[in-house]
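The values are calculated or read from the model by the stated rules, or taken from the named source; none is laboratory data. These figures come from a predicted structure and were not determined experimentally. Please note: Cβ atoms are built from the backbone with ideal geometry, for glycine as well, and neighbour counts cover all protein chains shown. In case anyone asks, the SASA skips ligands and DNA or RNA and just uses the protein heavy atoms, side chains included. Shrake-Rupley method; radii C 1.70, N 1.55, O 1.52, S 1.80 Å.
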Amino acid sequence: MFDIRYAADRGKADFGWLQSRHTFSFASYYDPAQMGFSALRVINDDRVAPGAGFDTHGHKDMEILSLVLSGQIAHKDSAGNTEVLPAGEFQLMSAGRGIYHSEFNASEQDELTFLQIWLQPNQQGGEPGYQQKDFGQRDGLTLILSPDGRDGSLTLRQDALLYQLILPTAQQLTYSSRAGRKQYIHLISGELDVAGNKLQPGDGIKISDETALPLSATAAVKALIFDLP
């Protein structure tokens, strides 16, 4: 079963310094039909003005992933992590029993664009954690998140996988998963055909009851594939 979430239908927020598009209900945007998908709770497509950002605030019991698309994020948190996240890198913050953090555009001249993604953990409490890694831009599937950190991936507190998909124009592959799993694909750039369903940048697709997904790039693709319980 396939259900496309079109980019144009996402929630919108405009705070001047922040332009955001919400795939699922978030903050003042509420749609009871879009409350997440399996353990996936938030995908926000954020544009942050130079020098601006999210002041210190708290989270608990959430896995928070950031992927910088352009620019740099300056990160600080109450666990003592002070990092800069450049374009192409992934950052995973496990909030655990509670953590405070801030995320700012590290540049005073250039816009920051990034994806903010939340997944609900399958365990409550515990020590907060921070991980950051550049996985490169290899063609095909690259494992980014897993529950056991396999193949150099970041360790997620949930029975879920995240892959980065890069396909040159006219290339294709088949994504295989176990029976009973769900998938969500978010297209960052290019044009992607998912078993006959055509996606444009910003589109996503909810997938259930499929074990083999034929994927074809009609224009060079960068996407995220979530494999969910």
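For the pair S28 and S208, the difference between a 0.36 nm per residue extended length and the Cα-Cα distance amounts to 62.0 nm. The S78 and A170 beta-carbon pair, evaluated with R₀ = 35 Å, returns a calculated FRET efficiency of approximately 0.15.
Once the convex hull of all Cα atoms in the chain is built, its volume per residue stands at 119 Å³. On full extension, the segment bounded by Q137 and D193 gains 18.1 nm, given 0.36 nm per residue less the C-alpha separation.
Distance between the modelled labels on R97 and Y130, one decimal in nanometres: 1.9 nm (7 Å Cα→Cβ projection).
Diffusion of region 62-109 by Stokes-Einstein, at 25 °C in a medium of 0.890 mPa s and with Rh set to the Kirkwood radius over alpha-carbon pairs, works out to 219 µm²/s.
Pairwise inverse Cα distances across region 1-57, averaged and inverted, put the Kirkwood hydrodynamic radius at 12.5 Å.
Using Cα-Cα distances under 8 Å and only pairs 6 or more residues apart, what relative contact order does region 48-93 have, in percent? If you can, show how the numbers build up before the last one.
Details: 48 pairs, mean separation 17.3, N = 46.
After rounding, I find 38 percent.
Number of Lys-Lys pairs in the chain with C-alpha atoms under 29 Å apart and a separation of 8 or more places or on different chains: 21. When exposed loop sites are taken as trypsin sites (Lys or Arg not before Pro) in a DSSP loop with at most 13 other Cβ atoms within 10 Å, the longest stretch of the chain clear of them is 1-59.
Selection among M93, P128, A195 by position relative to the dipole of the chain gives A195 as farthest towards the positive end (Cβ unit charges, Cα centre).
Hey, what's the chain come to in accessible area per residue, 1.4 Å probe, Å²?
Numbers: 9910 Å² over 229 residues.
Per residue, the chain has an accessible area of 43 Å².
Each principal axis of region 93-191 carries a Cα extent, and these read 45, 44, 21 Å when sorted largest first.
Which FRET efficiency value, to the nearest 0.05, is calculated for R150 and Q109 with the Förster distance at 41 angstrom and r the Cβ-Cβ distance?
On the way: r = 40 Å, r/R0 = 0.96.
With R0 = 41 Å, the Cβ-Cβ based efficiency is 0.55.
Label-to-label distance for Y6 and A49 is 3.1 nm, based on points extended 7 Å past Cα in the beta-carbon direction.
Carbon-plus-sulfur fraction of the accessible area of the chain, 1.4 Å probe, in percent?
Values: 4760 of 9910 Å².
Taking all protein chains in place, the chain shows 48 percent carbon and sulfur surface.
Could you estimate the translational diffusion coefficient of region 1-98 from the Stokes-Einstein equation, with Rh from the Kirkwood formula over C-alpha pairs, at 20 °C and 1.002 mPa s, in whole µm²/s? Spell out each step's value before the answer.
Details: Rh = 15.1 Å.
Estimated via Stokes-Einstein, D reaches 142 µm²/s.
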